[in-house]
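Below is one structure, written out as structure tokens, with a few remarks after it.
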Amino acid sequence: MGTIPRVLLLALLSLIGAFLSPADASLADCRLIETFVTGARGTVPWTSGTECCGFVQGKRNVTCDATGRVISLSWGPTAAEAASGTNALSAAGTSLSTLAGLTELRVLSLVNNTLTGTAPSWITSLSKLSQLYLTNNQLTGMPDLSPLASTLTILDIGSNSFSGNLFSWVTGMTALQELWVGRNAFSGPLPTSLANLRGLRFLVLQYNQFTGSTSFISGFTNLQALVVRDNKFTGTFPDTSNMPYLTALQADNNGFTGPVPASLAKNTYLIQLSLAGNGFSGDVPNLSGLANLRYINLASNPSISGTLDNLLPAALTTCYLSGTGACATALSAVPVQCRIAQAGVSTCSGAGSSTGGTGSPSSGPASAPPPSSSGKPGAAGRRRAEMSTVAGKVVAAGVVGAWILAVI
Ligand SMILES: *[C@@H]1O[C@H](CO)[C@@H](O)[C@H](O)[C@H]1NC(C)=O
Ligand SMILES: *[C@@H]1O[C@H](CO)[C@@H](O)[C@H](O)[C@H]1NC(C)=O
Ligand SMILES: *[C@@H]1O[C@H](CO)[C@@H](O)[C@H](O)[C@H]1NC(C)=O
């Protein structure tokens, strides 16, 4: 009669073992994701009850660590949902909060869903979170992410419905390397304590209503991409001499005044320089040493003056200079791509008599600014078209530049 207790004991031991094994911990994380998916009226895309680690399907994927805990989760609409404009995740409601149990998460991407309201506060309890992508939702609020200040390196909340001042807690997120807040309705000046974020590589703020000075940006020595276009910034442009890695600079359609910074001549990785639609004035600095520069747009800065002779690098593939007061004494003095009609370079009036001098500014551009580069706010559609053209052109020029241009 000793056999029955022994069977019970073995059963009990295997139950305990089942609870403790790493494989089961992984299944626990996968079960949380299943609860979330079914709560969002979706269909679990793996055999329910099995491992989800390594799952990849379109924009959805799950990655686990060696013990089977989920460390990365990306969940966007399926291709069919994206095509039909329906989106299961928008119906997730409270089931979204089951993801709070994924306490080993490093990467969370809920891009392209139709999340509304304030982003869930449980995100702040994911104490190892390093990358958070909430791009292209309809969010109007964010929880204070300060609890993640030492871990969060990438915050992408672009293309949402945020308004008002930039969240003050952002200035304390000192591990940040990438801050993407473009295409929202943020307004007001940036807090100067944003200068605390010394490790920033990407600062991407385009299409908001930010005002005031950007001078503190000159301290971001790791910056690769500075995208402040289509805001209401004013004042002189920050010095870029201490940004050796700067690759893309887009500052179009703001209220910048003063000189085009001569420090740009030192940014030898620069691929794209776009300053159109501002109030820059004075001579164009000598950028001829920028061997990687492919795209330059200085259009619609009527107070830029002087000659352009031998100031621009030969390898340019796109050049817009219309609507400036700068001119060339002869077309041969500017790169080939600046000579075509759309580039809008004018020949200095009295050319030939002012040999090699600073030249007198022409009364206006030789041709109308191309639609894609005329820099007045309010034509977002046209500028989008411009960006995709740029992306196409710069793809060949450099990986970082191509990537940033492609995603903006
Ligand atoms: C997971 O999905 C995200 C978002 O679509 C994507 O950026 C990432 O490269 C994907 N990862 C894998 C391993 O497929
Ligand atoms: C989000 O949507 C855009 C536009 O439809 C698409 O290009 C992009 O690949 C999507 N990204 C993800 C992660 O779903
Ligand atoms: C610009 O600098 C280059 C050297 O990088 C020089 O050859 C060229 O003459 C300069 N152009 C002008 C107009 O000073």
Taking H as built 1.01 Å from N, whose amide H comes closer than 5 Å to the amide H of residue 233, not counting residues under 5 places away?
-> 255
Which of 183, 198 comes first, and how do the rest follow, when ranked by fewest Cβ neighbours within 10 Å?
-> 198, 183
³J(HN,Hα) computed for each position of the range 313-318 - Karplus, 6.51 cos²θ - 1.76 cosθ + 1.60, integer Hz, glycine/proline x = x, 5, 7, 3, 10, 9
Starting from the Cα of residue 146, step 7 Å along the direction of its Cβ; do the same at residue 268; then give the gap between the two resulting points in nm.
-> 4.4
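Using the Cβ atoms and a cut-off under 15 Å, what net charge is assigned to the surroundings of residue 286, where Lys and Arg are +1 and Asp and Glu are -1?
Result for the local shell: -1.
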By Cβ neighbour count within 10 Å, fewest first, 144, 156 rank 144, 156
Report the FRET efficiency, 1/(1 + (r/R0)^6), for residue 66 and residue 168, where r is their Cβ-Cβ distance and R0 is 35 Å, rounded to 0.05.
-> 0.35
Quick one: net charge of residue 129's neighbours, Cβ under 11 Å, K/R +1, D/E -1?
-> +1
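Read the figures in this text as sums done on the coordinates, not as results from a lab. Predicted model, so just to flag it, every value in this text is computed and none were measured. Note: ideal-geometry Cβ built from the backbone for every residue, glycine included; neighbour counts use all protein chains shown.
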